Amino acid sequence: VKALFISAAVIAGLLSGCSSVTETTSKKDTSKPKNIIYLIGDGMGMAHISGYRHYKNSSDKHIGLGDKAVPKTLFDEYFVGIASTLPDDETLVTDSAAGATALSSGVKTYNGAIALDNDKKPTLTLLQEAKSLGKTTATISTSQVTHATPASFLVHNESRRNEDQIADSIYDHRVDGQFVADLMFGGGTKFFIRDDRNLVAKFKDSGFQYVDDLSALNKVTQLPALGLFAPKGLPYAVDHKELPNRLTAMTKAALPLLNKNNENGFVAMIEGSQIDWCSHGNDIACAMNEMADFEQTLKVVTDFARQDGNTLVVVTADHSTGGLTLGANSEYKWLPDVVHKVHASAESMIKQMLEKKEVASIWNQNIEFKLEAEQQNKLEKLLAKNDPEAMYKTLVKIISDRSFTGWTTTGHTGEDVAVIAYGVGAEQFKGFQDNTDIAKKLFGLLK
Ligand SMILES: [Zn+2]
(Lines give C-alpha, C1' and ligand atoms only; values in the text may rest on other atoms or scores of the structure.)
Protein backbone atom coordinates (compact mmCIF):
# COMPACT_ATOMS: atom_id res chain seq x y z
CA VAL A 1 0.00 0.00 0.00
CA LYS A 2 2.84 2.35 0.93
CA ALA A 3 4.67 1.61 -2.36
CA LEU A 4 1.53 2.38 -4.36
CA PHE A 5 1.08 5.65 -2.49
CA ILE A 6 4.67 6.68 -3.12
CA SER A 7 4.53 5.92 -6.82
CA ALA A 8 1.24 7.77 -7.16
CA ALA A 9 2.80 10.79 -5.45
CA VAL A 10 5.87 10.57 -7.66
CA ILE A 11 3.68 10.39 -10.77
CA ALA A 12 1.62 13.34 -9.53
CA GLY A 13 4.89 15.20 -9.00
CA LEU A 14 6.12 14.40 -12.48
CA LEU A 15 2.84 15.54 -14.02
CA SER A 16 2.41 18.79 -12.14
CA GLY A 17 5.90 19.81 -11.05
CA CYS A 18 7.85 19.20 -7.89
CA SER A 19 6.29 21.96 -5.80
CA SER A 20 2.93 20.18 -5.56
CA VAL A 21 4.58 17.04 -4.18
CA THR A 22 6.27 19.05 -1.46
CA GLU A 23 2.98 20.72 -0.69
CA THR A 24 1.05 17.44 -0.35
CA THR A 25 3.63 15.85 1.93
CA SER A 26 4.10 18.94 4.12
CA LYS A 27 0.40 18.93 5.00
CA LYS A 28 0.89 15.62 6.85
CA ASP A 29 2.41 16.18 10.30
CA THR A 30 5.12 13.55 10.17
CA SER A 31 6.62 14.67 13.50
CA LYS A 32 3.70 13.14 15.40
CA PRO A 33 3.29 9.39 15.73
CA LYS A 34 0.01 7.61 15.04
CA ASN A 35 0.73 5.05 17.78
CA ILE A 36 2.45 5.44 21.13
CA ILE A 37 3.82 2.47 23.09
CA TYR A 38 4.90 3.47 26.59
CA LEU A 39 6.98 0.90 28.45
CA ILE A 40 7.55 1.27 32.19
CA GLY A 41 10.09 -0.89 33.96
CA ASP A 42 8.90 -0.62 37.53
CA GLY A 43 11.92 -0.23 39.79
CA MET A 44 14.34 -0.43 36.83
CA GLY A 45 17.36 1.60 37.90
CA MET A 46 20.55 2.24 35.93
CA ALA A 47 22.25 -0.62 37.80
CA HIS A 48 19.52 -2.98 36.60
CA ILE A 49 20.23 -1.95 33.01
CA SER A 50 24.01 -2.26 33.24
CA GLY A 51 23.73 -5.44 35.33
CA TYR A 52 21.42 -6.96 32.74
CA ARG A 53 23.92 -6.14 29.95
CA HIS A 54 26.58 -8.19 31.76
CA TYR A 55 24.10 -10.87 32.78
CA LYS A 56 22.97 -11.27 29.18
CA ASN A 57 26.54 -11.42 27.93
CA SER A 58 27.64 -13.50 30.93
CA SER A 59 30.93 -12.41 32.52
CA ASP A 60 33.24 -15.11 31.21
CA LYS A 61 32.51 -13.97 27.66
CA HIS A 62 33.99 -10.56 28.60
CA ILE A 63 37.40 -12.15 29.05
CA GLY A 64 39.26 -11.93 25.78
CA LEU A 65 37.03 -9.21 24.36
CA GLY A 66 40.14 -7.01 24.23
CA ASP A 67 39.21 -3.48 23.26
CA LYS A 68 35.85 -4.62 21.92
CA ALA A 69 32.87 -3.40 23.92
CA VAL A 70 30.43 -5.67 25.68
CA PRO A 71 27.52 -6.14 23.22
CA LYS A 72 24.67 -3.68 23.69
CA THR A 73 21.23 -4.62 24.90
CA LEU A 74 18.18 -2.96 23.36
CA PHE A 75 18.06 -0.66 26.40
CA ASP A 76 21.55 0.58 25.42
CA GLU A 77 20.70 0.69 21.72
CA TYR A 78 17.83 3.15 22.13
CA PHE A 79 19.05 5.02 25.22
CA VAL A 80 18.43 8.77 24.85
CA GLY A 81 18.40 10.41 28.29
CA ILE A 82 17.61 10.35 31.98
CA ALA A 83 14.75 11.47 34.20
CA SER A 84 14.42 12.58 37.81
CA THR A 85 11.71 10.82 39.80
CA LEU A 86 11.05 12.80 43.02
CA PRO A 87 7.45 13.06 44.30
CA ASP A 88 5.70 16.23 45.49
CA ASP A 89 6.90 16.15 49.08
CA GLU A 90 10.18 16.53 50.94
CA THR A 91 11.22 12.86 50.68
CA LEU A 92 12.92 12.87 47.21
CA VAL A 93 12.00 9.16 46.97
CA THR A 94 8.81 8.28 45.15
CA ASP A 95 6.49 5.32 45.49
CA SER A 96 5.01 3.59 42.45
CA ALA A 97 1.69 5.47 42.62
CA ALA A 98 3.14 9.00 42.65
CA GLY A 99 5.71 7.84 40.07
CA ALA A 100 3.02 6.40 37.81
CA THR A 101 0.84 9.51 38.19
CA ALA A 102 3.81 11.65 37.08
CA LEU A 103 4.30 9.35 34.09
CA SER A 104 0.59 9.02 33.22
CA SER A 105 -0.52 12.61 33.80
CA GLY A 106 2.55 14.86 33.99
CA VAL A 107 1.59 15.85 37.53
CA LYS A 108 3.66 15.48 40.69
CA THR A 109 1.64 14.24 43.62
CA TYR A 110 1.84 12.61 47.04
CA ASN A 111 2.98 9.01 47.54
CA GLY A 112 0.05 6.62 47.24
CA ALA A 113 -2.06 8.76 44.88
CA ILE A 114 -3.61 7.08 41.85
CA ALA A 115 -3.96 9.86 39.21
CA LEU A 116 -4.93 12.52 41.76
CA ASP A 117 -3.01 15.73 42.40
CA ASN A 118 -1.95 17.00 45.82
CA ASP A 119 -5.44 18.48 46.36
CA LYS A 120 -6.93 15.06 45.49
CA LYS A 121 -8.34 16.36 42.22
CA PRO A 122 -8.33 13.85 39.32
CA THR A 123 -5.53 14.31 36.79
CA LEU A 124 -6.16 13.67 33.09
CA THR A 125 -4.20 10.56 32.08
CA LEU A 126 -2.63 9.81 28.71
CA LEU A 127 -4.97 6.87 28.17
CA GLN A 128 -8.05 8.96 29.01
CA GLU A 129 -6.86 11.69 26.62
CA ALA A 130 -6.10 9.11 23.91
CA LYS A 131 -9.59 7.65 24.31
CA SER A 132 -11.26 11.05 23.94
CA LEU A 133 -9.17 11.55 20.77
CA GLY A 134 -10.68 8.34 19.35
CA LYS A 135 -7.61 6.17 19.74
CA THR A 136 -7.53 2.52 20.78
CA THR A 137 -6.04 2.13 24.28
CA ALA A 138 -4.45 -0.62 26.37
CA THR A 139 -2.62 -1.55 29.54
CA ILE A 140 -0.49 -4.69 29.78
CA SER A 141 1.33 -5.59 33.00
CA THR A 142 2.70 -8.53 34.95
CA SER A 143 1.12 -7.03 38.07
CA GLN A 144 -2.61 -7.08 38.66
CA VAL A 145 -4.44 -4.52 36.51
CA THR A 146 -5.46 -2.75 39.74
CA HIS A 147 -1.82 -2.22 40.81
CA ALA A 148 -0.35 1.29 41.07
CA THR A 149 1.09 1.71 37.57
CA PRO A 150 -1.74 0.44 35.33
CA ALA A 151 -4.31 1.92 37.74
CA SER A 152 -2.72 5.38 37.43
CA PHE A 153 -3.38 5.29 33.68
CA LEU A 154 -6.97 4.07 34.00
CA VAL A 155 -8.71 5.56 37.05
CA HIS A 156 -8.43 7.88 40.06
CA ASN A 157 -8.20 6.91 43.71
CA GLU A 158 -6.80 8.53 46.84
CA SER A 159 -4.90 5.36 47.75
CA ARG A 160 -3.23 2.59 45.77
CA ARG A 161 -4.31 0.23 48.56
CA ASN A 162 -8.00 0.46 47.59
CA GLU A 163 -7.71 -2.22 44.95
CA ASP A 164 -11.37 -3.32 45.09
CA GLN A 165 -12.45 0.29 44.54
CA ILE A 166 -9.89 0.63 41.75
CA ALA A 167 -11.32 -2.48 40.04
CA ASP A 168 -14.82 -0.98 40.41
CA SER A 169 -13.64 2.27 38.82
CA ILE A 170 -11.99 0.41 35.94
CA TYR A 171 -15.50 -0.78 35.07
CA ASP A 172 -17.46 2.30 36.14
CA HIS A 173 -15.23 5.15 34.92
CA ARG A 174 -15.98 6.15 31.33
CA VAL A 175 -14.57 8.72 28.91
CA ASP A 176 -17.30 10.06 26.60
CA GLY A 177 -19.34 6.96 27.48
CA GLN A 178 -16.49 4.59 26.63
CA PHE A 179 -14.24 2.39 28.76
CA VAL A 180 -10.80 3.96 29.28
CA ALA A 181 -9.03 0.88 27.90
CA ASP A 182 -10.02 -1.39 25.01
CA LEU A 183 -7.55 -4.03 26.13
CA MET A 184 -6.30 -4.91 29.61
CA PHE A 185 -3.92 -7.84 30.15
CA GLY A 186 -2.43 -8.63 33.57
CA GLY A 187 -3.40 -10.28 36.83
CA GLY A 188 -6.14 -9.51 39.33
CA THR A 189 -9.07 -11.98 39.37
CA LYS A 190 -9.08 -11.53 43.17
CA PHE A 191 -10.16 -7.90 42.71
CA PHE A 192 -12.41 -8.35 39.67
CA ILE A 193 -14.35 -11.41 40.86
CA ARG A 194 -15.58 -10.77 44.42
CA ASP A 195 -18.52 -11.82 46.57
CA ASP A 196 -20.04 -8.34 46.35
CA ARG A 197 -19.40 -7.75 42.65
CA ASN A 198 -18.36 -9.79 39.62
CA LEU A 199 -16.71 -7.29 37.30
CA VAL A 200 -15.57 -9.98 34.85
CA ALA A 201 -19.23 -10.86 34.22
CA LYS A 202 -19.98 -7.15 33.77
CA PHE A 203 -17.15 -6.70 31.27
CA LYS A 204 -18.36 -9.78 29.37
CA ASP A 205 -21.90 -8.34 29.30
CA SER A 206 -20.40 -5.15 27.90
CA GLY A 207 -18.92 -7.07 24.97
CA PHE A 208 -15.40 -7.80 26.23
CA GLN A 209 -13.73 -11.04 25.21
CA TYR A 210 -12.30 -12.59 28.38
CA VAL A 211 -9.38 -15.00 28.88
CA ASP A 212 -7.80 -16.22 32.10
CA ASP A 213 -5.12 -18.54 30.75
CA LEU A 214 -1.91 -17.37 29.06
CA SER A 215 -1.98 -20.41 26.78
CA ALA A 216 -5.33 -19.13 25.44
CA LEU A 217 -3.95 -15.69 24.45
CA ASN A 218 -4.43 -16.51 20.78
CA LYS A 219 -8.15 -17.01 21.41
CA VAL A 220 -8.53 -13.26 21.81
CA THR A 221 -9.62 -12.28 18.31
CA GLN A 222 -11.05 -8.79 18.75
CA LEU A 223 -11.40 -5.80 21.03
CA PRO A 224 -12.51 -4.96 23.60
CA ALA A 225 -10.69 -7.64 25.57
CA LEU A 226 -9.82 -8.41 29.18
CA GLY A 227 -7.21 -10.98 30.19
CA LEU A 228 -6.67 -11.75 33.88
CA PHE A 229 -4.07 -14.47 34.27
CA ALA A 230 -3.59 -14.73 38.05
CA PRO A 231 -5.37 -13.86 41.30
CA LYS A 232 -2.89 -10.97 41.85
CA GLY A 233 0.44 -10.60 40.01
CA LEU A 234 1.58 -13.21 37.47
CA PRO A 235 4.26 -15.67 38.70
CA TYR A 236 7.84 -14.38 38.52
CA ALA A 237 9.58 -14.95 35.18
CA VAL A 238 12.22 -17.10 36.90
CA ASP A 239 9.48 -19.35 38.34
CA HIS A 240 7.33 -19.40 35.19
CA LYS A 241 8.94 -22.43 33.56
CA GLU A 242 6.50 -22.82 30.62
CA LEU A 243 6.39 -19.12 29.71
CA PRO A 244 9.11 -17.03 31.39
CA ASN A 245 8.60 -14.23 28.85
CA ARG A 246 4.94 -13.70 29.73
CA LEU A 247 5.01 -9.90 29.25
CA THR A 248 6.45 -10.50 25.79
CA ALA A 249 3.68 -13.04 25.05
CA MET A 250 0.90 -10.69 26.18
CA THR A 251 2.40 -7.85 24.10
CA LYS A 252 2.76 -10.06 21.01
CA ALA A 253 -0.89 -11.08 21.29
CA ALA A 254 -2.08 -7.51 21.86
CA LEU A 255 -0.28 -5.57 19.11
CA PRO A 256 -2.17 -6.94 16.06
CA LEU A 257 -5.48 -6.34 17.87
CA LEU A 258 -4.54 -2.78 18.80
CA ASN A 259 -3.34 -2.05 15.28
CA LYS A 260 -6.63 -3.04 13.67
CA ASN A 261 -9.62 -1.01 12.48
CA ASN A 262 -8.67 2.39 13.85
CA GLU A 263 -7.12 5.03 11.62
CA ASN A 264 -6.50 7.18 14.73
CA GLY A 265 -4.00 4.62 16.02
CA PHE A 266 -3.44 3.39 19.56
CA VAL A 267 -1.75 4.18 22.86
CA ALA A 268 -0.54 1.27 25.01
CA MET A 269 1.10 1.30 28.45
CA ILE A 270 3.15 -1.86 29.05
CA GLU A 271 4.67 -2.43 32.48
CA GLY A 272 7.44 -4.79 33.54
CA SER A 273 5.98 -4.69 37.03
CA GLN A 274 8.07 -7.25 38.82
CA ILE A 275 11.59 -5.85 38.28
CA ASP A 276 10.45 -3.84 41.30
CA TRP A 277 9.05 -6.77 43.26
CA CYS A 278 12.21 -8.89 42.87
CA SER A 279 14.33 -5.88 43.86
CA HIS A 280 12.23 -5.21 46.97
CA GLY A 281 13.15 -8.79 47.84
CA ASN A 282 16.85 -8.15 47.00
CA ASP A 283 16.64 -11.18 44.72
CA ILE A 284 19.08 -10.61 41.85
CA ALA A 285 18.25 -13.74 39.80
CA CYS A 286 14.57 -12.87 39.99
CA ALA A 287 15.28 -9.27 38.87
CA MET A 288 17.54 -10.28 35.95
CA ASN A 289 14.93 -12.72 34.62
CA GLU A 290 12.35 -9.90 34.71
CA MET A 291 14.80 -7.69 32.79
CA ALA A 292 15.12 -10.42 30.14
CA ASP A 293 11.33 -10.53 29.65
CA PHE A 294 11.23 -6.73 29.54
CA GLU A 295 13.98 -6.56 26.89
CA GLN A 296 12.17 -9.15 24.75
CA THR A 297 9.02 -7.03 25.05
CA LEU A 298 11.04 -4.02 23.89
CA LYS A 299 12.21 -6.10 20.92
CA VAL A 300 8.63 -6.94 19.97
CA VAL A 301 7.49 -3.30 20.13
CA THR A 302 10.52 -1.82 18.35
CA ASP A 303 10.16 -4.45 15.59
CA PHE A 304 6.53 -3.38 15.29
CA ALA A 305 7.48 0.33 15.28
CA ARG A 306 10.14 -0.22 12.63
CA GLN A 307 7.72 -2.01 10.32
CA ASP A 308 4.90 0.42 11.00
CA GLY A 309 6.99 3.57 10.54
CA ASN A 310 4.46 5.71 12.39
CA THR A 311 4.92 4.63 16.01
CA LEU A 312 6.78 6.06 18.98
CA VAL A 313 8.20 3.78 21.66
CA VAL A 314 9.24 5.36 24.99
CA VAL A 315 10.71 3.35 27.86
CA THR A 316 11.45 4.56 31.36
CA ALA A 317 11.15 3.61 35.03
CA ASP A 318 9.13 5.15 37.83
CA HIS A 319 12.14 4.86 40.22
CA SER A 320 14.91 2.45 41.12
CA THR A 321 14.38 -0.26 43.74
CA GLY A 322 16.68 -1.96 46.21
CA GLY A 323 19.71 0.31 45.85
CA LEU A 324 21.23 -2.34 43.61
CA THR A 325 25.00 -2.17 43.05
CA LEU A 326 27.26 -4.30 40.86
CA GLY A 327 29.97 -5.02 43.39
CA ALA A 328 29.66 -5.29 47.16
CA ASN A 329 31.55 -5.85 50.41
CA SER A 330 34.53 -3.73 49.23
CA GLU A 331 35.34 -6.26 46.48
CA TYR A 332 36.03 -5.03 42.96
CA LYS A 333 33.94 -7.57 41.08
CA TRP A 334 30.45 -8.61 40.08
CA LEU A 335 29.77 -12.20 38.98
CA PRO A 336 26.70 -12.56 36.75
CA ASP A 337 27.64 -16.22 36.11
CA VAL A 338 26.64 -16.93 39.69
CA VAL A 339 23.27 -15.28 39.03
CA HIS A 340 22.76 -17.59 36.03
CA LYS A 341 23.08 -20.58 38.36
CA VAL A 342 19.94 -19.65 40.29
CA HIS A 343 16.76 -21.04 38.69
CA ALA A 344 14.00 -20.03 41.09
CA SER A 345 12.97 -17.01 43.11
CA ALA A 346 14.02 -16.94 46.74
CA GLU A 347 10.33 -16.65 47.59
CA SER A 348 9.46 -19.94 45.89
CA MET A 349 12.51 -21.75 47.33
CA ILE A 350 11.59 -20.72 50.88
CA LYS A 351 8.02 -21.87 50.24
CA GLN A 352 9.27 -25.26 49.05
CA MET A 353 11.64 -25.58 52.02
CA LEU A 354 8.75 -24.91 54.42
CA GLU A 355 6.50 -27.41 52.64
CA LYS A 356 9.09 -30.21 52.43
CA LYS A 357 10.76 -29.35 55.77
CA GLU A 358 14.02 -29.68 53.88
CA VAL A 359 16.79 -27.28 52.94
CA ALA A 360 19.58 -28.99 50.98
CA SER A 361 17.44 -30.89 48.46
CA ILE A 362 15.45 -27.76 47.54
CA TRP A 363 18.66 -25.78 47.21
CA ASN A 364 20.22 -28.43 44.96
CA GLN A 365 17.13 -28.64 42.75
CA ASN A 366 17.19 -24.90 42.08
CA ILE A 367 20.74 -23.64 42.46
CA GLU A 368 23.81 -24.89 40.63
CA PHE A 369 26.42 -24.01 43.25
CA LYS A 370 26.98 -25.79 46.53
CA LEU A 371 25.43 -24.69 49.78
CA GLU A 372 28.21 -24.67 52.38
CA ALA A 373 27.72 -26.76 55.53
CA GLU A 374 27.64 -23.68 57.74
CA GLN A 375 24.99 -21.98 55.57
CA GLN A 376 22.91 -25.15 55.44
CA ASN A 377 23.11 -25.43 59.20
CA LYS A 378 21.90 -21.84 59.62
CA LEU A 379 18.95 -22.32 57.24
CA GLU A 380 17.97 -25.59 58.94
CA LYS A 381 17.99 -23.96 62.36
CA LEU A 382 15.74 -21.17 61.08
CA LEU A 383 13.45 -23.74 59.46
CA ALA A 384 13.17 -25.59 62.78
CA LYS A 385 12.27 -22.26 64.43
CA ASN A 386 9.72 -21.70 61.65
CA ASP A 387 11.13 -18.27 60.75
CA PRO A 388 10.59 -17.88 56.99
CA GLU A 389 11.54 -14.19 57.06
CA ALA A 390 15.00 -14.87 58.48
CA MET A 391 15.36 -17.84 56.10
CA TYR A 392 14.55 -15.54 53.18
CA LYS A 393 17.11 -12.93 54.25
CA THR A 394 19.76 -15.62 54.74
CA LEU A 395 19.10 -17.20 51.35
CA VAL A 396 19.24 -13.98 49.30
CA LYS A 397 22.35 -12.89 51.22
CA ILE A 398 24.15 -16.10 50.23
CA ILE A 399 23.38 -15.42 46.56
CA SER A 400 24.24 -11.72 46.81
CA ASP A 401 27.52 -12.35 48.62
CA ARG A 402 28.56 -15.05 46.18
CA SER A 403 27.82 -12.84 43.15
CA PHE A 404 29.06 -9.60 44.82
CA THR A 405 25.65 -8.02 44.36
CA GLY A 406 24.95 -5.09 46.69
CA TRP A 407 21.62 -3.85 48.04
CA THR A 408 21.22 -0.85 50.31
CA THR A 409 17.49 -1.10 50.98
CA THR A 410 14.38 -3.21 50.52
CA GLY A 411 12.58 -0.04 49.37
CA HIS A 412 12.91 2.50 46.56
CA THR A 413 15.73 4.95 45.90
CA GLY A 414 15.74 8.49 44.52
CA GLU A 415 18.40 8.59 41.79
CA ASP A 416 17.59 9.30 38.13
CA VAL A 417 16.35 6.61 35.77
CA ALA A 418 16.96 5.90 32.09
CA VAL A 419 14.85 7.24 29.24
CA ILE A 420 14.88 5.11 26.11
CA ALA A 421 13.04 6.06 22.93
CA TYR A 422 12.65 4.87 19.36
CA GLY A 423 10.56 5.95 16.40
CA VAL A 424 8.61 9.06 15.44
CA GLY A 425 9.28 11.86 17.96
CA ALA A 426 11.99 9.96 19.86
CA GLU A 427 14.41 12.91 19.65
CA GLN A 428 12.19 14.91 22.03
CA PHE A 429 13.26 12.70 24.94
CA LYS A 430 17.01 13.41 24.70
CA GLY A 431 19.04 14.55 27.69
CA PHE A 432 17.92 15.31 31.22
CA GLN A 433 14.26 15.75 32.07
CA ASP A 434 11.86 15.33 34.97
CA ASN A 435 9.50 12.32 34.89
CA THR A 436 6.54 14.73 34.48
CA ASP A 437 8.20 16.11 31.31
CA ILE A 438 7.96 12.66 29.71
CA ALA A 439 4.19 12.67 30.10
CA LYS A 440 3.94 16.31 28.98
CA LYS A 441 5.89 15.54 25.82
CA LEU A 442 3.66 12.53 25.16
CA PHE A 443 0.52 14.67 25.60
CA GLY A 444 2.04 17.09 23.07
CA LEU A 445 2.65 14.24 20.62
CA LEU A 446 -0.88 12.86 21.08
CA LYS A 447 -2.72 15.90 19.77
ZN1 LIG B 1 7.36 1.39 41.21
Set Lys131/Lys441; Lys56/Lys430; Lys357/Lys378 screened for pairs whose C-alpha atoms are more than 19 Å apart: Lys56/Lys430
Of Ser273, Ser31, Ser58, the one that fluctuates the most in a GNM where the chain has Cα springs shorter than 10 Å: Ser31
Label-point separation in nm, Phe79 to Glu372, each point 7 Å along Cα→Cβ: 3.5 nm
Solvent-accessible surface ranking, highest first, for Asp172, Asp95 at 1.4 angstrom: Asp172, Asp95
Solvent-accessible heavy-atom area per residue, rounded to whole Å², over the chain at 1.4 Å: 43 Å²
DSSP-assigned coil residues among GluC sites (Glu not before Pro) in region 92-165, each with at most 15 further Cβ atoms within 10 Å: Glu158
Degrees, to the nearest 10: 246-258 long Cα axis against longest axis of the chain: 10 degrees
Net dipole in debye of the chain [+1 Lys, Arg Cβ; -1 Asp, Glu Cβ; about Cα centre; nearest 20]: 1000 debye
Full-extension gain in nm, Lys357 to Val70, via 0.36 nm per residue minus C-alpha separation: 99.0 nm
Convex hull volume of region 296-447 per residue (C-alpha atoms, cubic angstrom): 170 Å³
Fraction of accessible area attributable to carbon and sulfur, region 246-328 (%, probe 1.4 Å): 45 percent
MRE, 222 nm, helices only [DSSP H, n ≥ 4, -39500 (n - 2.57), over the chain, to nearest 500]: -12500 deg cm²/dmol
Longest to shortest principal axis, alpha-carbon extents of the chain, angstrom: 85, 64, 47
As computed over region 248-320, the Cα convex hull volume per residue (Å³): 85 Å³
Calculated FRET value between Ser31 and Asp164, using beta carbons and R₀ = 51 Å, to 0.05: 0.75
Pair His173, Asp119: separation of 7 Å Cα→Cβ label points (nm): 1.9 nm
Solvent accessible area, Å² - Lys333, 1.4 Å probe, full protein context: 90 Å²
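The values are calculated or read from the model by the stated rules, or taken from the named source; none is laboratory data. All of these numbers come straight from a predicted model, not from anything done at the bench. Positions of Cβ are generated from backbone atoms using ideal geometry, with glycine treated the same way; all protein chains shown enter the neighbour counts. Accessible surface is based on the protein model in full, side chains and every heavy atom, while ligands, DNA and RNA are left aside. Shrake-Rupley method; radii C 1.70, N 1.55, O 1.52, S 1.80 Å.
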